[in-house]
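Asker: Before I ask anything, let me first share the structure, which is written out below as structure tokens.
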Amino acid sequence: MVRHADHGAVEWVESGGGPLIAIPEVVLPFWTGADGVELASDYDRACDVDGYIGLLPVGNTTALVLGDDPASTAYLPEYGAFVRWCAAESEGQLLAGVPAALDAAAWQREVHWDIPGAVVLFDAAWPGNAAEKAGHLRIALEAGRYAVRAAYAEPGPETWLGLVQLRRIAD
């Protein structure tokens, strides 16, 4: 079992108030964030995603929008999951609740996400070519098709978190 007892054991990505987005690294330059010249910017498209997750076209692939709540988010590779910090007294308390949350979660309908490799998680308001200037997280994923499911869980009386789990599936 992986232990995350130390403060700062994982990297968290913050949002300025809107959704976070995981974009395949190879198409980052195509994401304009809130800077688009169109009537509806890429950021507006991300904000229109209804629910915990959604897919948006970016370049010749798709990005995963983590919607609903602009919670601090980390990726835990041992669970293949994004963990969204909704409420907990400490990082250790939140992370200790992840296994129980994964087991007890009432998962929403899953989506299938085809990616060409590593993705970058950051605030959807930023343009992709500036993601490194903002808080971001690079997640090394193998190219392929993933089943993505999301849930909200309360593994303890004062611990609430969002989950977005990725599972590699056959192409």
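Asker: Kindly list, by first and then second residue, each pair from a residue in the stretch 148-160 that is within 29 Å of Ala170 (Cβ to Cβ) and modelled with pLDDT of 85 or more to a residue that is surrounded by fewer than 17 Cβ atoms within 10 Å (Cβ to Cβ) and β-branched (Val, Ile, Thr), limited to pairs with Cβ atoms under 7 Å and residues at least 6 apart or on different chains.
Answerer: Going by the 7 Å Cβ cut-off, the qualifying pairs are Val148/Val111.
Asker: Can I ask one more? Which one of the conditions (1) under 27 Å from Arg45 (Cα atoms); (2) touching a Leu at 6+ places or on another chain (Cβ under 9 Å); (3) among the aromatic types (Phe, Trp, Tyr); (4) not in a strand (DSSP E or B) does Tyr79 fail to meet, given that it meets all the rest?
Answerer: Every listed condition holds for Tyr79 apart from (1).
Asker: Quick one: Gly117 ticks every box in (1) surrounded by 20 or more Cβ atoms within 10 Å (Cβ to Cβ); (2) in contact with a Pro (Cβ under 7 Å, 6 or more places away or on another chain) except a single one, so which number is it?
Answerer: Going through the list (1) surrounded by 20 or more Cβ atoms within 10 Å (Cβ to Cβ); (2) in contact with a Pro (Cβ under 7 Å, 6 or more places away or on another chain), Gly117 breaks only (1).
Asker: Looking only at the stretch 147-159, which residues are buried (at least 20 other Cβ atoms within 10 Å of the Cβ) and over 13 Å from the mean Cα position of the chain (by Cα)?
Answerer: Passing the criteria: Ala153, Pro155, Thr159.
Asker: When both residues are 6+ apart or on different chains and their Cβ atoms are under 7 Å apart, which pairs have a first residue that lies in the stretch 123-137 and is under 18 Å from Asp69 (Cα atoms), and a second that is part of a helix (DSSP H, G or I)?
Answerer: Ala124/Gly33; Ala124/Tyr43; Ala124/Ala46; Ala125/Gly33; Ala125/Ala34; Ala125/Tyr43; Trp126/Gly33
The values are calculated or read from the model by the stated rules, or taken from the named source; none is laboratory data. Quick caveat, the model's predicted, so the values are computed rather than measured. Don't worry about glycine lacking a Cβ; one is built from the backbone with ideal geometry, like all the others, and counts go over all protein chains shown.
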